[in-house]
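The values are calculated or read from the model by the stated rules, or taken from the named source; none is laboratory data. Worth saying up front: this structure is predicted, and the values here are computed from it rather than measured. Note that we place each Cβ from the backbone using ideal geometry, even for glycine, and neighbour counts take in every protein chain shown.
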Ligand code: SAH
């Protein structure tokens, strides 16, 4: 068989793996065993999977692959943040960031090579779009990061939280992202609680509704403006999914429950969206939506014409929200010295398109 056609076992979640084994006339619990080997023990050599029969091992070796993306360089920030450049094929590399904090370790993963959404303040957007990442390339970032951090050896959980805030729009690569989320939250695989997995989206409403049904993890919305005119300029996908509709989908997502609030991300752009009027307007928008706000100081990158609001302006903006009863924090900038902060990830690839992804409204 041509290697090209062999399935990569990292492209399956539990459900799809169970049907794969059933088709082979194997018991479906083989799927759980395989996930444990790969994601809990870090074993990717089929020969070492000793609870599989010799014949099953030979079959899997002959007919499948376990192929991981490859770390090609590591940068370490003064604050302990690590950024890896990860090769996904001969021409394309993406970036993954690990942010250690006292009580947690967060891995920020990418879902696409580039991004097609063209948000004006984002460095990834400037690079354009090349392709969606496969499930193996997305979950593979978590696997290789765990390996680098010594998790499989020590058994200690070092990555406690996953955020889909790297390169790309996760909800425009839905099928591969949902399988990744299933693996992250499945007890036979990485076994993280749903609250510790956060999907950040620029607001792809059909994807939000599907996520709610399929695997309701934490949701973050890149809002960045409280009126459609401004939001359509800086986050062009707003023309398809305007603020009121987007916030209705957030309300559906939380089902009105205050204990699972949506994170509203709001990048602070000097003289663009940072006035007190903007703050009051944001309060109005969020009325009735269980939410908390993360204000993100704008991270600069070469060629950008934006700059960050100053600290006094950010604090004044924050105070308006807090006084109105909205839980608000200013996100600490991490890894700025190695270009690992929000919106600074670029990878290494050649764009196929700098315009909207073909069929960008469809969920792949
Ligand atoms: N496409 C997804 C996830 C990637 S971006 C989304 O839009 O949510 C992750 C977060 O970083 C988003 O809130 C994004 O708007 C923000 N961001 C992008 N560029 C930034 C920059 N230069 N400075 C600060 N935050 C930025």
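Observations on the model:
- Out of 208, 272, sole residue that is in contact (Cβ under 8 Å) with a residue 24 or more places away in the chain, within 14 Å of the chain's Cα centre (by Cα) and outside any strand (DSSP E or B): 208
- Some residue of the range 61-71 being part of a strand (DSSP E or B) and under 23 Å from residue 345 (Cβ atoms): yes
- Within the range 285-301, the set of residues being closer than 20 Å to residue 337 by Cβ and in contact (Cβ under 8 Å) with a residue 12 or more places away in the chain comprises 296, 297, 298, 299, 301.
- Number of positions in the range 286-308 that are away from the ligand (no atom under 14 Å from the Cβ) and touching a helix residue (DSSP H, G or I) at 6+ places or on another chain (Cβ under 6 Å): 2
- Condition met for residue 248 (exposed (fewer than 14 other Cβ atoms within 10 Å of the Cβ) and assigned by TED's automatic domain parsing to the domain that holds residue 305): yes
- Scanning the range 220-255 for residues that are in a helix (DSSP H, G or I), under 22 Å from the mean Cα position of the chain (by Cα) and within 16 Å of the ligand (Cβ to nearest atom) yields 231, 234, 236, 237, 238, 243, 246, 247, 249, 250, 253.
- Set side by side, the residues 346, 350, 320, 283 differ, and just one is assigned by TED's automatic domain parsing to the domain that holds residue 126, at pLDDT below 95 and away from the ligand (no atom under 14 Å from the Cβ), which is 350.
- One residue from 254, 330 being in contact with a strand residue (DSSP E or B) (Cβ under 8 Å, 6 or more places away or on another chain), over 26 Å from residue 85 (Cα atoms), surrounded by 18 or more Cβ atoms within 10 Å (Cβ to Cβ) and in the same structural domain as residue 203 (by TED's automatic domain parsing): 254
- Residue within the range 72-86 that is out of contact with any strand residue (DSSP E or B) (no Cβ under 8 Å at 6 or more places or on another chain), in the same structural domain as residue 181 (by TED's automatic domain parsing) and farther than 15 Å from residue 186 by Cβ present: yes
- Unmet criterion (only one of (1) closer than 24 Å to residue 151 by Cβ; (2) out of contact with any helix residue (DSSP H, G or I) (no Cβ under 6 Å at 6 or more places or on another chain)) for residue 222: (1)
- Hey, residue 327 over 23 Å from residue 97 (Cα atoms) and within 12 Å of the ligand (Cβ to nearest atom) or not: no
- All positions within the range 28-50 that are assigned to a loop (DSSP other than H, G, I, E, B) and either on the phi > 0 side of the Ramachandran plot or surrounded by 16 or more Cβ atoms within 10 Å (Cβ to Cβ) (or both): 42, 43, 44, 49
Conditions (1) under 26 Å from residue 17 (Cα atoms); (2) within 13 Å of the chain's Cα centre (by Cα); (3) assigned to a loop (DSSP other than H, G, I, E, B), marked per residue:
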| position | (1), (2), (3) |
| --- | --- |
| 89 | yes, no, yes |
| 95 | no, yes, no |
| 125 | no, no, no |
| 136 | yes, no, no |
| 141 | yes, yes, no |
| 159 | yes, no, yes |
| 162 | yes, yes, no |
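- Matching residues in the range 195-205 - criterion: being part of a loop (DSSP other than H, G, I, E, B) and away from the ligand (no atom under 12 Å from the Cβ): none
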